[in-house]
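These notes concern the structure reproduced below.
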Amino acid sequence: MNLKEIIQNRREITTFEDKDIPDTVINELVDAATLAPSGNNLPSRECIVIRTKETLEHLAKTPATVSWLKDVKAAIVITGRPDVSKYWLQDSSIACGFIWLTAVDHGLGAAFGAIYHAQDLAESAKRENYVRKTLSIPSDRRITAILGFGYPADHPGAKTPPENSDLVHYETFNG
């Protein structure tokens, strides 16, 4: 697929085939995370690859809407380092996007579970602490998200951009 096709085929997939993901593909997902841009080129994001079924099932109970993790073949938890860069949230979010697009390029379906909650600090703490305890993540890391992967059992088809979208403005807002 070319980049435009990859972007159009990026959909939230939460049902998967019972088919393992090769190590080479997992390595490419990790490479995508490490190659993603970061503010001032600082190493402010890290990832944890999870493939153990028991751990995935446990993470599916995170107090966020990630129950689909029980059905994935692998997941990547993305953390941010506020002690390294004030841009940790942007950096870790960009890494998530790079990982997701790489997954689509390899024929994988993916789903995104937000763990960090910028507008509800109590909810964020509850989610992050559950994942932190499960994976022994140090307290100086923030937990941005969990992405789950598998070969899609079903795909809703490629998206096409809407014409004259209200999301796009030129020169000025509503210009």
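The values are calculated or read from the model by the stated rules, or taken from the named source; none is laboratory data. It should be emphasised that the depicted structure is a prediction, and the values quoted were computed from it without experimental measurement. These accessible areas exclude ligands, DNA and RNA; they are computed on the full protein's heavy atoms, side chains included. Shrake-Rupley method; radii C 1.70, N 1.55, O 1.52, S 1.80 Å.
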### Query
Under a 1.4 Å probe, what is the accessible area of region 1-145 per residue, stated in Å²?
51
### Query
When log10 I(q)/I(0) by the Debye sum over Cα atoms at q = 0.09, 0.19, 0.20 Å⁻¹ is calculated directly from the model, which label among [x] -0.30, -1.37, -1.49; [y] -0.37, -1.29, -1.39; [z] -0.33, -1.27, -1.35 fits?
[z]
### Message
Tell me whether region 34-138 comes out rounded, prolate or oblate; compute the Cα gyration tensor, take square roots of the eigenvalues as a ≥ b ≥ c, and use a/c under 1.5 as the rounded threshold.
### Response
oblate
### Task
Would you mind checking Lys53/Lys86; Lys73/Lys133; Lys19/Lys61; Lys126/Lys159; Lys53/Lys126 for any pair whose Cα atoms are more than 30 angstrom apart?
Lys53/Lys86; Lys126/Lys159
#### Entry: Accessible-area composition of the chain, carbon plus sulfur, in percent [1.4 Å probe]
51
